[in-house]
Structures are given as C-alpha cells and as structure tokens.
Amino acid sequence: MTENQDENIKILKEGTTQFYLYSDDINNIPSKSMNVFYNKKMEINRDVTSLAINAYNNLYNLEELTIVDTMAGSGVGSIRILKECSNIKIIYINDLNPSAVKIIHKNLEINGLLNLKNKIIVSRYDANFLLSSLIQQFLTSKPSKRKKPNVISVDPFGTPNIYVDSVFKAIQKREGLVCITATDTAVLFGVRKKACERKYMSKPLHNNFCKEIGARILLYFISRIASINNVGIKPLFTFYHQHFIRIIALTFKNKNDINKQIENYGYIFFCKKCGHRIGNNCLNVKILQDCTNCGATNSLDYAGPLWLDELHQQAFLDEILRLTVKSNYKNKKKLEKILMFCKDEMDMPISYYNIHKLCHQIKCASIPKMETLIKTIKNDGYSASRTHFDFTSLKTDLDIDGLKQILLNLTQG
C-alpha cells in the first residue's frame, strides 16, 4: 500500500487490480458517508460477479458483451471485470458520486486501461436515469443497431428494490444476465419485519433458517417485477455470504413460461413449538394456524410470498466451479466450499436445520459430526445435504421428529 500525498489517497490491491482510495475511507465501516464507497468484505462478491460473467459468456451468450455496472463506487469491480473477463464489447462504469467518478478515471489509468476507451463509458448518473437513458437509446436507434445490454449489475448500499424495474426494462429479454445484490439482510431476515413487507411486499420470518427465507423473498420480488415487464427469470446462482445476498439470474421472454412462474411463488409455515415446516403454493394457499405435526394450536407462523423453486442451475454451478478452480483468487478455497454446498443443496427441500441449536434444544450430550449425521440419515432412506446458507446446518426430507431422534441416538452412543 502506497500513498499519494498530494491528494490524500492510497493505492490498494485486489487480486491483480490496483486501485486508489481515499485514506479516510480505508478503515471506515462501509457507509454512505464515505468519500467513495468501498467495502473490503465484498471482494468475494466481486469474485462471483467476474466468474458469473465468464460462465454466462461460455454457456449462454458467446457473442461480445455489453455490461452495465450501475453503482461502481471506486470502480474496482468494473476494472476487475475488464481484466478478468474476455469478450467485452462495452462496459458502462457509473456512479452518482462525483468523487467516485474522479477515482474511477484514476483507477483506469493506474491499471493501464486508458487504451480501451472505445470499450469503456464512464458516467455520473443516478442508476435509474442511466438505465432509462439506455432504454431511450434502444427505442430511438435504427432497428439494425438496436441491442440492449447483455449484463446489468446492481449492487447498492441497502435494498435494490427501487432499481429492479429499470433493470428489466433495460436488459436483453432473452438470455440476459441480471446480477442484483441486497445488503439489507436485517430486513430480509425478519429483524425489521415491517420494512420487509414495505420494501419487498412479503412477510419474513426471523428464525433458524431466515437466511434462505430472505433469499427466496428477494427472488420472489425480482421475479414479480420482471414479470410486470414481460420478462421471466431463471436463477442461476443464489449466493448468501455474511451480510449480503447476490442473485445471478438469466432472463427469458416466453409468455407462457412467464405465466407459469406464479406456480413458483408460495408460503412457508413454521411451527414455533416443534420446528415443523410446511410449504404452500400461492395457487392453493390456506392460512394454517395449528401444527399437523405436534398438534399445538395457534403455533404456526409464516413467511411469504416467496420463491419456492430452485435457487441454482447445475450447469452454471459446474462452470463457475471449474473457473474457480483455475483462478488465483484469495477467496478460492472458500468459494470452492460454498459452490460444493450449493451443488449439494440442489433438489433438496426448502429450509434447513441448524444442528448446533437443535442439539441444544433437545439437550444432546454432544454434537455429532455433520458427515456422520448425513450418512446416518441417508442410510435410513432419506436425503440430506449441507447448505451454503449456514455451515452448521443441513437440509433433509426427514421430518423434524425423525431428525431429533437420530441426533439423540448418535449422541447417546
């Protein structure tokens, strides 16, 4: 790390990318009050974005890509895309903050990218204004030159909700890639229930599997706004890590398939007494109050509407994992572990069980190894897997009473 004394900025490094940042911002807690927004902990998010764009280019869109980074901050994410992704036609690097735009230009220079001016458009707009401008360009261009962006990334401080509509107006409707982050996890995880109902039009639950509920609420919201714009989404990779959720999704435009997506919306009912869970499709929803498992009355709470379908696509996870193994990312081992857990949780039931908390609840003498527990469940004829949402949790189609009994058997010798 070196310092430019004239402007009170320092040079940092993320992978092979160097970038300037104001000295005052380096050790600050990420907030809107920063001179230029940068969050060191989001490096893994930027890793995933580069990997996802390369995987998308390999699997779905082999042509040159037009990419829009609506909230670039210091520009490190966009610059990493330029350096780590091939086949880029144009990248829009945008931020409303004038200090950020100034730093972005410096960061392009320090990375030797000024010779790519024909590929790079730096702008200072509100994200919605930028996307609206791109829509206007599309509508007023000659038919032969009309082309919407292939990739749009929205990575705000807090909720992305006010930008999602513009994303689906601007994105390529068939096999476009949307990358949307939410960092307001307290809202999505049910700590701020009313805020979730207001921002995402869905009721959350603050319980042991609230991270998955939050991701599914975000997916539901994105899908609903997409459908208003005659676009459907197929989640390719739903990624939770520490304090954010990143949705990587592919667009489609077949109206019959878009209409069928309502079958992917529903509710999860949760018994506060015994921990039993029940899924319910929106088309057949019944407001349940009494638990069918333990018989407790008025013990059920619920979350929803939310997304009930798959969170990932197998082929996409395989390709991202292949690219991760070939990479030199600092977070390589962590990403490989997360991706393997995501592959494991494919086709598994919604929700998961935190084994540490469950063992404490039923007063187990010890906590069994996860591998032993999963093997025992499978030997009894049920499915079980790890989950990337919580490394001390598992998913299974075994009911809650059966899981408790296996835990007691394993820990009592």
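The values are calculated or read from the model by the stated rules, or taken from the named source; none is laboratory data. Values in this document were obtained by computation on a predicted structure and should not be read as measured data. Cβ placement follows ideal geometry from the backbone for every residue including glycine, while neighbour counts extend to all protein chains displayed. Ligands, DNA and RNA are stripped out before the accessible areas are found, and what is left, the full protein with its side chains, is counted by its heavy atoms. Shrake-Rupley method; radii C 1.70, N 1.55, O 1.52, S 1.80 Å.
Nearest-5 percent of antiparallel DSSP beta bridges in the chain?
In the chain, approximately 70 percent of DSSP beta bridges are antiparallel ones.
In nm, what is the difference between 0.36 nm times the number of residues separating Asn128 and Lys369 and their Cα-Cα distance?
81.9 nm
Using mean Cβ contacts within 10 Å as the protection proxy, how do 328-340, 299-311 order, highest first?
Taking the mean over residues of other Cβ atoms within 10 Å, the ranking is 299-311, 328-340.
Divide by every residue of the chain the summed helix terms, -39500 (n - 2.57) for each DSSP H run of at least 4, and state the resulting mean residue ellipticity at 222 nm, rounded to the nearest 500 deg cm²/dmol.
Counting only the DSSP helices, I get -11000 deg cm²/dmol.
Can you tell me which of 377-388, 179-190, 362-373 comes out highest on packing, and rank the rest after it, using the mean Cβ neighbours within 10 Å?
179-190, 377-388, 362-373
Taking +1 at the Cβ of each Lys and Arg and -1 at the Cβ of each Asp and Glu, which of Pro368, Leu108, Asn254 sits farthest along the dipole of the chain towards its positive end, judged by Cα position relative to the Cα centre?
Of the candidates, Asn254 comes out farthest on the positive side.
Please list Lys173, Lys117 in order of solvent-accessible area, largest first, computed with a 1.4 Å probe with all protein chains present.
Lys117, Lys173
On the full set of protein chains, 1.4 Å probe, figure out the accessible area of Cys85 and give it in Å² to the nearest 10.
10 Å²
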